[in-house]
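See below for the structure under consideration.
The values are calculated or read from the model by the stated rules, or taken from the named source; none is laboratory data. None of the values given here were measured: they were computed from a predicted structure. Quick reminder, even Gly has a Cβ in these numbers, built from the backbone with ideal geometry, and neighbours come from all protein chains shown. Calculation scope for accessible area: heavy atoms of the full protein, side chains included, ligands and nucleic acids excluded. Shrake-Rupley method; radii C 1.70, N 1.55, O 1.52, S 1.80 Å.
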Amino acid sequence: MKRILVTGALGQIGSELVVSLRERYGDENVIATDIRLPSDVKLRDAGPFEFMDCLNPHHITRVMQIYNVDAIYHLAAILSAVGETKPDQAWQVNVNGLYNILEAARQYHCALFVPSSIGAFGQDTPKDKTPQDTIQRPDTMYGVTKVTGELLCDYYHKRFGLDTRGVRFPGLISYETEPGGGTTDYAVEIYIEALKYKKYTCYLEENTYLDMMYMPDAIRAMIDLMEADPNRLVHRNAFNVTAMNFTPAQIAAEIKKHIPDFEIEYKVDHVRQAIADSWPNSLDDSCAREEWGWNPTYDLESMTKDMLEKLAERIELPAEQKSR
Ligand code: NAD
Ligand code: SER
């Protein structure tokens with residue numbers, strides 16, 4: 001039976017990945033860890049939770065010694081927009097934290113999943129259908145840490161034979177947990193504000209193209225890659241994966257089909273716009289499709305329908321909306 005450790009388990013991805021892994025491998029076999037304590041009953045009571053700071057090797061060793069871990073999903077990180085305001089912290093967590101986890105995986109012989117990002121590309125990267133192997137000269141601290149992480153994971157695989165695997169995620173859209181300070185967060189906020197206020201002020205320009213993915217596809221990507229036959233993997237870390245591609249104007253138009261009086265306006269945040277402008281318009285994910293069968297199920301239309309239905313069941317509407 002597999003024993004799996006998840007770092008950063010209370011974040012946007014971790015809070016859903018832990019639930020899926022527990023369904024698959026058993027509640028007791030998935031150890032959720034973070035530097036915050038869970039308020040969500042599902043995460044707190046269903047299986048083990050440990051306070052673990054990835055910057056503290058003693059914390060990691062303690063958890064590795066208590067649980068007989070076979071695989072780690074390392075999600076603890078600082079995202080792009082927060083990383084530009086706190087570059088020192090972004091380097092500490094995204095690089096030094098990863099290094100500590102790589103060392104633990106090496107010492108305790110664990111497989112390791114580490115997500116990279118579209119943020120690992122930069123201005124010099126081909127923007128449309130960005131290839132798997134291409135120029136990576138990012139000009140954000142987040143991007144610098146993501147390229148460093150990709151290289152470190154490749155190094156540990158080649159040098160020590162560690163079973164490292166990973167994808168470059170686009171912006172992820174989900175309804176369970178709000179995103180943690182990225183540039184693509186608008187694509188989650190827009191659904192929440194559309195339901196609450198029928199209005200959203202977007203911090204990106206209306207024609208900014210970015211790749212995106214709905215969380216159920218992202219969770220499946222992580223699990224499928226970790227279960228893929230290693231003999232088929234030509235690449236290992238940082239597979240380009242994508243599911244859809246749109247601008248703020250296009251997602252707003254899709255929401256309007258469900259909420260006809262929804263309005264979007266734009267008040268551009270130059271820091272996040274500059275980050276988005278440095279990222280690809282769209283990714284070529286053919287290597288992931290060929291090497292481990294990646295194939296997303298949700299597009300903008302099906303995701304929008306599902307997001308609005310799921311959010312409507314969960315969010316607290318303002319009083320004037322409730323009385324309608
Ligand atoms: P998030 O910000 O929602 O969650 C990160 C979690 O890490 C938080 O719960 C935080 O408390 C925890 N954390 C921070 N510092 C820590 C430390 N020192 N030790 C332990 N835990 C710590 O992030 P996310 O969206 O879940 O992203 C997870 C990973 O996926 C990151 O590597 C991110 O770069 C990558 N990724 C995310 C997206 C996205 O759209 N969400 C897209 C591309 C890549
Ligand atoms: N969603 C992430 C961010 O915007 C992409 O890595 O930071």
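Observations
- Among residues of the stretch 54-95, those that are open to solvent by less than 60 Å² (accessible area, probe 1.4 Å), of a type in the set (S, T, N, Q), assigned to a helix (DSSP H, G or I) and over 21 Å from Asp185 (Cβ atoms), counted: 1
- Residues within the stretch 199-219 that are part of a strand (DSSP E or B) and either away from ligand 2 (no atom under 16 Å from the Cβ) or surrounded by fewer than 18 Cβ atoms within 10 Å (Cβ to Cβ) (or both), tallied: 3
A quick yes/no check of all residues on (1) closer than 27 Å to Ser80 by Cα; (2) surrounded by 15 or more Cβ atoms within 10 Å (Cβ to Cβ):
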| residue | (1), (2) |
| --- | --- |
| Leu233 | no, yes |
| Ile255 | yes, yes |
| Tyr298 | yes, yes |
| Glu313 | no, no |
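- Failed item in (1) more than 15 Å from ligand 1 (Cβ to nearest atom); (2) in a helix (DSSP H, G or I), with Ile251 passing the rest: (1)
- Residues located in the stretch 156-180, provided they are within 14 Å of ligand 1 (Cβ to nearest atom), among the small types (Gly, Ala, Ser) and more than 18 Å from Val144 (Cα to Cα): Ser174, Gly180
- Near pairs, Cβ below 6 angstrom, 6+ apart or cross-chain, from the stretch 98-127 (touching a residue at least 40 places away in the same chain (Cβ under 8 Å)) to any residue that is part of a helix (DSSP H, G or I) and surrounded by fewer than 18 Cβ atoms within 10 Å (Cβ to Cβ): Asn100/Pro57; Arg106/Phe160
- Residue selection: Lys2 fails the criterion of being away from ligand 2 (no atom under 16 Å from the Cβ), surrounded by fewer than 19 Cβ atoms within 10 Å (Cβ to Cβ) and not in a loop (DSSP other than H, G, I, E, B).
- Number of residues in the stretch 19-53 that are free of Cβ contacts under 8 Å to residues at least 24 places away in the same chain, in a helix (DSSP H, G or I) and open to solvent by less than 90 Å² (accessible area, probe 1.4 Å) equals 2.
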